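The block underneath contains the structure these notes are about, expressed in structure tokens.
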Amino acid sequence: MAKTATVSRRQRRAQLSAMGYLKIKNQLNPLSTEGIELRNSLRASSKAAKEAFEKRIMDQIEEQLAQKAESLKGTWKEIGYNDAEIEMLSEAFFTLSVKNKQTLREDKKAARKLMKDAKDSLIGRLNANS
């Protein structure tokens, strides 16, 4: 199994069965101390696996966004934006890329304002130089 692959419920059950946990679990009284401890330990290990998987996914998304932002910064530099304007544009990019349902409308407005300010600044600089 690949490092980034997720394990399905069927695969986890097969692994637990192969290790003998399911046979032990089925023989224990669910209300006994041993049954409760086994259930809690299995729940804790599943929770840890889920958190590790979610962290790995979030890291991959963060890395992809950072790579995309770096390529966009190069493009913006070629267009003629200065460092302050590029900073505004990258903030707008990240604001639009990471969506939060509660603040989606406000985030879009703020990002559009940042992009407009950066564009106006660029046009103002170009007109002043001409």
Please work out if Lys109 is under 30 Å from Arg10 (Cβ atoms) and free of Cβ contacts under 8 Å to residues at least 40 places away in the same chain. no
All but one of (1) exposed (fewer than 11 other Cβ atoms within 10 Å of the Cβ); (2) under 30 Å from Arg12 (Cβ atoms) hold for Gln64; state the number of the condition that does not hold. (1)
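Search segment 4-21 for residues being closer than 30 Å to Asp59 by Cα and among the hydroxyl-bearing types (Ser, Thr, Tyr), and hand back the single one that is surrounded by the most Cβ atoms within 10 Å (Cβ to Cβ).
Ranking the candidates gives Thr6 first.
What number of residues in segment 74-97 are in contact (Cβ under 8 Å) with a residue 12 or more places away in the chain and within 28 Å of the chain's Cα centre (by Cα)? Break it down stepwise before answering.
Looking only at segment 74-97, we keep the residues that are in contact (Cβ under 8 Å) with a residue 12 or more places away in the chain, and these are 76, 79-82, 84-86, 88-97.
Restricting the remaining residues to those that are within 28 Å of the chain's Cα centre (by Cα) gives 76, 84-86, 88-97.
Residues meeting the conditions: 14.
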Determine, yes or no, whether Ile24 is farther than 30 Å from Ser97 by Cβ, free of Cβ contacts under 8 Å to residues at least 12 places away in the same chain and surrounded by 11 or more Cβ atoms within 10 Å (Cβ to Cβ). no
Within segment 17-37, does at least one residue satisfy the condition of being over 30 Å from Arg125 (Cβ atoms), out of contact with any Phe, Trp or Tyr (no Cβ under 8 Å at 6 or more places or on another chain) and in the same structural domain as Leu126 (by TED's automatic domain parsing)? no
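Return yes when Leu96 is surrounded by 14 or more Cβ atoms within 10 Å (Cβ to Cβ) and under 22 Å from Asp59 (Cα atoms) and no when it is not.
Working: surrounded by 14 or more Cβ atoms within 10 Å (Cβ to Cβ): yes; under 22 Å from Asp59 (Cα atoms): yes.
Yes; evaluated as a whole, the condition is true for this residue.
Among the listed residues Ala128, Ala48, identify the single one that is outside the structural domain of Ser17 (by TED's automatic domain parsing) and either surrounded by 10 or more Cβ atoms within 10 Å (Cβ to Cβ) or not basic (Lys, Arg) (or both).
Details: Ala48 fails: outside the structural domain of Ser17 (by TED's automatic domain parsing).
Only one candidate qualifies: Ala128.
The values are calculated or read from the model by the stated rules, or taken from the named source; none is laboratory data. Since the model is a prediction, treat every value here as computed from it, not as a measurement. Don't worry about glycine lacking a Cβ; one is built from the backbone with ideal geometry, like all the others, and counts go over all protein chains shown.
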